[in-house]
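Nothing in this text is a laboratory measurement; each read-out follows from the coordinates by a stated rule. In this text, all values refer to a predicted model and were calculated from it rather than measured experimentally. Cβ coordinates were reconstructed from backbone atoms using ideal geometry, including for glycine residues, and neighbour counts include every protein chain displayed.
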Amino acid sequence: MEGPYRDLGSGFARLTGQEGARRGPSRITHVEDALLELLRNARDAGASQIFVASTLAARRFRALTVIDDGRGIPEPYAGLVFEPGVTTRHLNPVPDPTAPTGSHHGAGLALYHLKQASVSAEVLSPSSPTAIRATFDTRTLPERHLQSASRPSRSNLLATAESFARSQKQPHPPRLYHGSPARILAALLRNRIIQSSSGSGGLRREAGRVGLYLSGRTVQRVMRGQVAAAEPVGSGGLRAGSGPAPRRRGAGGGGAVLPVGEEEKAEIAAILGRAARAGYVEVDDLKVESRPGEILLKARVYEPEEEYE
Ligand SMILES: Nc1ncnc2c1ncn2[C@@H]1O[C@H](COP(=O)(O)OP(=O)(O)OP(=O)(O)O)[C@@H](O)[C@H]1O
Ligand SMILES: [Mg+2]
């Protein structure tokens, strides 16, 4: 690593001569850039699993909680990592083929710029697991627009996580999970990153400790197994209710026809909506098709952007 640095102990250093870079343009111009830096740091800490919980409040404030099972940050340094030039990469710079050309990976500036661009950013848990939470005002730090208007469930944050996962070329790349806080809590339990030992009150505190702020009711639902755990991104994991509808032909095109009016359709939509919300997904575009001998219901199921808490 070029440039002089001051040894801070435990492998940490503060790179000096960072004035230029510090005042230079930030790498973080969109929320997705911040997510990418958090993912890189977790990967560089040797994480085998990385969990990203995302919420959007008031259609404006994006909160990202990134939890990883890597080596963690030694306690006394947790408050320093947002300062410019503070890094552990000065002795062993991490080669990063995925970094955009011209970026200074290993300069200890990513979290500094991230914090500058955020409403708040903090290390909630320095290790076992490591949890970093940052909130952004999307009016000042925008999110990139969706690439595909036909797939509104694919937020760009998920697409960012997917492309990060795909770009990892090491033999054992970290497994990456993305979802609502409830689905991430379910995944943390399933993967034994946190344990549900002392009832729902204890689990709620555990979840809060790693930046997953959930109601007591939601935590109980997670404990009862009523919330589908987030699946690793890129695994093609099924979301609740997204299985293909069974295709069975009506009896030779014959049979009775059941007409469904707007009122009944609204009731069906309400029932599906309740079922979906219980699993932290949403349903819309309900189509009801009455055919001789059968009735077909089809609806779009997707993960919501807006949090429920
Ligand atoms: N998830 C994490 N687990 C363990 N240590 C971390 C984690 N995130 C950050 N750190 C520590 O914080 C330091 C600062 O992180 P930051 O992203 O600001 O700079 P960097 O990764 O060193 O270099 P770059 O500017 O290229 O990102 C890292 O060097 C690392 O020691
Ligand atoms: Mg970094």
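Observations, loosely collected:
- Kirkwood Rh, Cα atoms: Rg over Rh of region 251-302: 1.07
- Neighbour net charge for Ser127 - beta-carbon separation under 11 angstrom, K R +1, D E -1: -2
- Nearby lysines by direct alpha-carbon distance to Lys265 (threshold 20 angstrom, same-chain neighbours under 8 apart not counted): Lys287, Lys298
- Ranked by the mean number of other Cβ atoms within 10 Å of their residues, highest first, the peptides 184-195, 120-131 come out as 184-195, 120-131.
- Local charge for Val257 was computed over the other residues whose Cβ lies under 12 Å away, with Lys and Arg +1 and Asp and Glu -1, and equals -1.
- Label sites at Lys169 and Thr138, each approximated as a point 7 angstrom past Cα along Cα to Cβ, lie 3.4 nm apart.
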